[in-house]
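Structure record follows, encoded as structure tokens.
The values are calculated or read from the model by the stated rules, or taken from the named source; none is laboratory data. From a predicted model like this one, the values you see are computed outputs, not experimental measurements. Here the Cβ is made from the backbone with ideal geometry for all residues, glycine too, and neighbour counts use every protein chain on show.
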Amino acid sequence: MKKYNVAIVGTGAVGQTLLEILDERNFPVNNLKLLATQRSAGKQVTFRGKNYTIEETTAESFENVDIALFAGGAASKQFAKEVVKRGAIVIDNSSAFRLDPDVPLVVPEVNPEDVKNHKGIIANPNCSTIQMVVALKPLHDAAKITRVIVSTYQAVSGAGQEAIDELLVQTKQVLNSEKVTPEVFPYQIAFNLIPHIDVFMDNDYTKEEMKMVEETKKILHDSSIKITATTVRVPIIRSHSEAINIETEKELSPAEAKEVLRNARGIVLMDDPSQKIYPMPILASNRDEVFVGRIRKDISTERGLSFFVVADQLRKGAATNAIQIAELLIKYNLI
């Protein structure tokens, strides 16, 4: 099997998870480069029994690289186009290129063929968008979704390792009756929730909410779907949850929806209220599937369904999806 020279840009929570998944999925890595800011340069990381030294990212770092996996952050805007000039393909976890009409925005279970349209950069969608569209796509194919209302319950790890550390520190401080001083989040996150992720836009939606709106339309190739989102940070470490309500053009019963989702790629149907079986973050953590349950008729409208979706946003919501895109490049002989 042919092997590829891979660079990972970023060594935080997503960067570390990218390494784990490259190994777990036995991705054919020939040479590996680990790149980050000057602050992280020089640190040692072990991958498949070999020690690697993290290097400071420069344009020259991408010489002889086949695939560059950007874990997110400002590096994408600074280096992505330089990487492409050097003949590598960028798979980017940041929001920098997601809505660029020349950049495919890909979830392999939903729109795999879009990778064939890349011009050197492929964007990984927002973590909350990824898990939602995996659940929406089979229902959209079955009954055409016309409207989506989604409320998210997002883990602190979506904001990086520093956010995880802040939750853990604050939890101890609260339990010890000590003063809590927020740094990563605008307010205390321990034993609290914050209905504010990313910056507020002119329409009073947050940027995170508008990402879900616009990215979903692009991935599903359907700008006619009406979508509204409310995104909330909650005090758990890992895995995002979403309460989703949809309206469809064609009537779709809960039983029919369950059958559609049961047979859908990348989904685990977890739905038996009589046995208290439903998705929860603790069940989805360290898994790559999207878990769906609590499927029921929306009793407030004629053709509506409500359901609950959970996925590990560090894996399926970021790193796993990026590696799956890289696997598509190999499958379609695009690299």
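Summary of values
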item	result
Test: residue in segment 199-211 that is outside any helix (DSSP H, G or I), acidic (Asp, Glu) and surrounded by fewer than 17 Cβ atoms within 10 Å (Cβ to Cβ)	yes
Counted residues, segment 244-279 - those being within 23 Å of residue 320 (Cβ to Cβ) and surrounded by fewer than 16 Cβ atoms within 10 Å (Cβ to Cβ)	3
Subset of segment 293-314 [over 14 Å from residue 267 (Cα atoms), in contact with an Asp or Glu (Cβ under 8 Å, 6 or more places away or on another chain) and either crowded, with 22+ Cβ neighbours inside 10 Å or of a type in the set (Gly, Ala, Ser) (or both)]	304, 305, 306
Sole exception among (1) hydrophobic (A, V, I, L, M, F, W, C); (2) farther than 24 Å from residue 283 by Cβ; (3) in contact (Cβ under 8 Å) with a residue 40 or more places away in the chain for residue 244, by number	(2)
Residue in segment 183-193 that is without any contact (Cβ under 8 Å) to a residue 12 or more places away in the chain and either under 20 Å from residue 237 (Cβ atoms) or not charged (D, E, K, R) (or both) present	yes
Test: residue in segment 216-226 that is over 26 Å from residue 296 (Cα atoms) and crowded, with 17+ Cβ neighbours inside 10 Å	yes
Residue match in segment 311-321 (condition: in contact with a Leu (Cβ under 6 Å, 6 or more places away or on another chain) and within 16 Å of residue 157 (Cβ to Cβ))	yes
Residue 170, sole failed condition from (1) within 25 Å of residue 126 (Cβ to Cβ); (2) free of Cβ contacts under 8 Å to residues at least 40 places away in the same chain; (3) among the polar types (S, T, N, Q); (4) part of a helix (DSSP H, G or I)	(1)
Checking residue 164 against (1) in a loop (DSSP other than H, G, I, E, B); (2) modelled with pLDDT under 95, the condition it does not meet	(1)
Within segment 38-60, tally of residues that are surrounded by fewer than 19 Cβ atoms within 10 Å (Cβ to Cβ) and within 21 Å of residue 85 (Cα to Cα)	5
Members of segment 84-110 found to be in contact (Cβ under 8 Å) with a residue 60 or more places away in the chain and among the β-branched types (Val, Ile, Thr), listed by number	89, 91, 106, 107, 110
Which numbered condition residue 144 fails, given (1) on the phi < 0 side of the Ramachandran plot; (2) surrounded by fewer than 20 Cβ atoms within 10 Å (Cβ to Cβ)	(1)
